[in-house]
Amino acid sequence: IHSRMKLSQDDLIRIENNRKDALEKLSKKRKMLENIEQESKRQNLTEKELCGEQCESCLANKPIDKDFKQSFEINVCRVCKCKEDYKLLTKVEIQKNYLLPDSTL
(Lines give C-alpha, C1' and ligand atoms only; values in the text may rest on other atoms or scores of the structure.)
Protein backbone atom coordinates (compact mmCIF):
# COMPACT_ATOMS: atom_id res chain seq x y z
CA ILE A 1 0.00 0.00 0.00
CA HIS A 2 2.84 2.43 0.96
CA SER A 3 4.73 1.89 -2.28
CA ARG A 4 1.76 3.11 -4.34
CA MET A 5 1.28 6.16 -2.18
CA LYS A 6 2.16 9.48 -3.82
CA LEU A 7 3.78 12.16 -1.72
CA SER A 8 2.89 15.80 -2.02
CA GLN A 9 5.50 18.42 -2.78
CA ASP A 10 5.27 19.60 0.88
CA ASP A 11 5.94 16.05 2.10
CA LEU A 12 8.98 15.75 -0.17
CA ILE A 13 10.34 19.09 1.07
CA ARG A 14 9.77 18.07 4.70
CA ILE A 15 11.54 14.73 4.09
CA GLU A 16 14.50 16.50 2.48
CA ASN A 17 14.72 19.02 5.34
CA ASN A 18 14.64 16.21 7.91
CA ARG A 19 17.38 14.38 6.01
CA LYS A 20 19.55 17.52 5.92
CA ASP A 21 18.99 18.12 9.66
CA ALA A 22 19.95 14.52 10.47
CA LEU A 23 23.11 14.75 8.35
CA GLU A 24 24.05 18.05 9.97
CA LYS A 25 23.64 16.58 13.48
CA LEU A 26 25.71 13.56 12.48
CA SER A 27 28.42 15.81 11.06
CA LYS A 28 28.53 17.86 14.29
CA LYS A 29 28.86 14.70 16.40
CA ARG A 30 31.69 13.44 14.18
CA LYS A 31 33.52 16.77 14.45
CA MET A 32 33.12 16.75 18.23
CA LEU A 33 34.55 13.21 18.45
CA GLU A 34 37.42 14.17 16.14
CA ASN A 35 38.20 17.20 18.34
CA ILE A 36 38.24 15.04 21.46
CA GLU A 37 40.54 12.53 19.77
CA GLN A 38 42.87 15.27 18.51
CA GLU A 39 43.01 16.88 21.95
CA SER A 40 43.87 13.55 23.54
CA LYS A 41 46.62 12.98 20.99
CA ARG A 42 47.88 16.54 21.45
CA GLN A 43 48.23 16.01 25.16
CA ASN A 44 49.81 12.62 24.45
CA LEU A 45 47.34 10.90 26.73
CA THR A 46 46.79 7.21 26.46
CA GLU A 47 43.55 5.54 27.45
CA LYS A 48 45.17 4.34 30.69
CA GLU A 49 46.27 7.86 31.59
CA LEU A 50 42.76 9.15 30.99
CA CYS A 51 41.18 6.44 33.15
CA GLY A 52 43.99 6.18 35.67
CA GLU A 53 46.29 3.37 36.71
CA GLN A 54 47.01 2.08 40.17
CA CYS A 55 49.51 4.19 42.09
CA GLU A 56 52.28 2.06 43.62
CA SER A 57 52.30 4.19 46.73
CA CYS A 58 48.65 4.82 47.69
CA LEU A 59 47.17 1.97 45.57
CA ALA A 60 44.43 4.27 44.27
CA ASN A 61 43.37 4.36 40.62
CA LYS A 62 44.45 7.85 39.69
CA PRO A 63 46.20 9.44 36.72
CA ILE A 64 49.87 8.51 36.92
CA ASP A 65 52.57 11.16 36.66
CA LYS A 66 53.90 10.59 33.15
CA ASP A 67 57.33 12.10 33.86
CA PHE A 68 57.96 9.64 36.69
CA LYS A 69 56.68 6.79 34.58
CA GLN A 70 58.89 7.68 31.60
CA SER A 71 62.02 8.52 33.59
CA PHE A 72 61.91 6.01 36.43
CA GLU A 73 59.33 3.43 35.26
CA ILE A 74 57.36 3.99 38.47
CA ASN A 75 53.56 4.29 38.59
CA VAL A 76 53.09 7.10 41.09
CA CYS A 77 50.20 9.55 41.14
CA ARG A 78 50.79 13.30 41.25
CA VAL A 79 49.94 13.50 44.94
CA CYS A 80 52.32 10.74 46.02
CA LYS A 81 55.21 11.98 43.89
CA CYS A 82 55.40 14.99 46.23
CA LYS A 83 55.91 12.75 49.27
CA GLU A 84 59.33 12.43 50.86
CA ASP A 85 59.75 8.88 49.47
CA TYR A 86 59.82 10.18 45.89
CA LYS A 87 61.49 13.51 46.41
CA LEU A 88 64.07 14.29 43.75
CA LEU A 89 67.49 15.39 44.94
CA THR A 90 69.71 17.97 43.31
CA LYS A 91 73.33 17.27 42.43
CA VAL A 92 74.48 19.50 45.31
CA GLU A 93 72.27 17.63 47.80
CA ILE A 94 73.62 14.29 46.62
CA GLN A 95 77.23 15.43 46.94
CA LYS A 96 76.57 16.83 50.38
CA ASN A 97 74.52 13.90 51.74
CA TYR A 98 76.55 11.06 50.25
CA LEU A 99 79.98 12.71 50.08
CA LEU A 100 80.40 11.86 46.41
CA PRO A 101 82.98 13.57 44.21
CA ASP A 102 82.00 15.38 41.00
CA SER A 103 83.54 12.66 38.86
CA THR A 104 80.97 10.06 40.00
CA LEU A 105 77.98 12.19 39.03
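The values are calculated or read from the model by the stated rules, or taken from the named source; none is laboratory data. What you see is a predicted model; the values in this text were computed from it and never measured. For neighbour counting, all protein chains shown are included, and Cβ atoms are generated from backbone atoms with ideal geometry for every residue, glycine included. Note: accessible area is taken over every heavy atom of the protein model, side chains too, but ligands, DNA and RNA are not part of it. Shrake-Rupley method; radii C 1.70, N 1.55, O 1.52, S 1.80 Å.
So, in nm, how far is label residue 67 from label residue 103 when the simple model puts each one 7 Å beyond its Cα toward the Cβ?
3.3
Probe radius 1.4 Å, ligands and nucleic acids left out: which of 34, 93, 53, 73 has the largest accessible area, and how do the rest follow?
The residues order as 73, 34, 93, 53, largest area first.
Which value in nm describes the separation of the simple spin-label points at residue 91 and residue 33, placed 7 Å from the Cα toward the beta carbon?
Here the modelled spin labels are 5.1 nm apart.
Counting only residues 5 or more places away or on other chains, whose amide H sits under 5 Å from the amide H of residue 53 once H atoms are built in the peptide plane?
62, 64
Treating the beta-carbon of each Lys and Arg as +1 and of each Asp and Glu as -1, no other charges, what is the dipole magnitude of the stretch 57-100 about its Cα centre, to the nearest 20 debye?
120
Can you pick out the pairs among 31/69; 66/87; 25/62; 62/87; 41/91; 6/29 whose Cα atoms lie more than 23 Å from each other?
31/69; 25/62; 41/91; 6/29
Restricting attention to the stretch 49-101, which trypsin sites (Lys or Arg not before Pro) occupy a DSSP loop and are surrounded by at most 12 other Cβ atoms within 10 Å?
Listed in order of number, the matching sites are 83, 87.
In sequence order, what are the phi-derived ³J(HN,Hα) couplings for the stretch 15-30 according to the Karplus relation 6.51 cos²θ - 1.76 cosθ + 1.60 with θ = phi - 60°, rounded to whole Hz, with x for glycine and proline?
4, 5, 5, 5, 5, 4, 4, 5, 5, 5, 5, 5, 4, 5, 5, 4
Under a 5 Å amide H to amide H cut-off, with H placed in plane at 1.01 Å, what residues pair with residue 77 once short-range neighbours are removed?
For residue 77, the qualifying residues are 56, 57, 58, 65.
If r is the Cβ-Cβ distance from residue 54 to residue 16 and R0 is 35 Å, what FRET efficiency results, to the nearest 0.05? Intermediate results must be reported in sequence, preceding the final value.
Values: r = 54 Å, r/R0 = 1.54.
Once rounded, the FRET efficiency stands at 0.05.
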